[in-house]
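Here the structure is laid out as structure tokens; the discussion comes afterwards.
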Amino acid sequence: MSDGTIPISGLRRPMRSLGIAASGLSAQRVRLDAIADNIANAETTRGVDGQPYRRKVVRLEEVGFQALMANNAPAVQGQEGYGGVRVGAVEEDLSEGPLVYEPGHPDADENGYVRMPNVSITEEMVDLMDTRRLFEANTSVFQAIKSMLRRATQL
């Protein structure tokens with residue numbers, strides 16, 4: 001526009017981009033919480049249900065533009081692509097944990113074996129590094145878009 005203002009349609013894309021980055025940050029935070037729970041319970045052989053702790057796995061799913069923009073201006077008709085991610089579910093990994101021979105353990109069976117949780121600290125650390133990198137990437141994108149918006153309003 002000639003008066004130096006930015007039309008609303010020009011703000012849709014940056015706002016959508018902020019929403020996409022924010023959805024990624026939110027999803028990674030849930031993954032971090034699940035990883036922390038898994039590490040904290042890596043030695044829990046008896047939970048409330050009497051069973052060993054089962055590893056939590058976060059399932060993410062795509063969010064379309066329309067769902068992302070539900071509370072804002074509608075997306076441009078015919079626009080294709082992604083609108084971010086959301087947590088689809090936090091599920092238990094149903095695989096069995098290892099049997100460890102510890103005859104003195106209170107949860108040992110008649111043969112002296114204890115069913116341990118299905119948590120591998122190595123796997124959790126790899127997931128933690130992956131989640132941290134994704135969180136940092138989303139933070140960088142969010143900051144870059146915020147900086148661009150700030151500069152655009154100063155034009």
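Among the residues of region 80-109, which ones are under 33 Å from the mean Cα position of the chain (by Cα), in a loop (DSSP other than H, G, I, E, B) and exposed (fewer than 11 other Cβ atoms within 10 Å of the Cβ)? Within region 80-109, E80, G81, L94, S95 meet the criteria.
Restricting attention to region 110-139, the residues being β-branched (V, I, T), part of a helix (DSSP H, G or I) and in contact (Cβ under 8 Å) with a residue 60 or more places away in the chain number 3.
All of (1) surrounded by fewer than 13 Cβ atoms within 10 Å (Cβ to Cβ); (2) assigned to a loop (DSSP other than H, G, I, E, B) hold for Q143 with one exception: (2).
Coordinate-derived values only; no laboratory data. Nothing here was measured: the structure is a model prediction, and the numbers come from that model. When we count neighbours, we look across all protein chains shown, and the Cβ atoms used for this are built from the backbone with ideal geometry, even at glycine.
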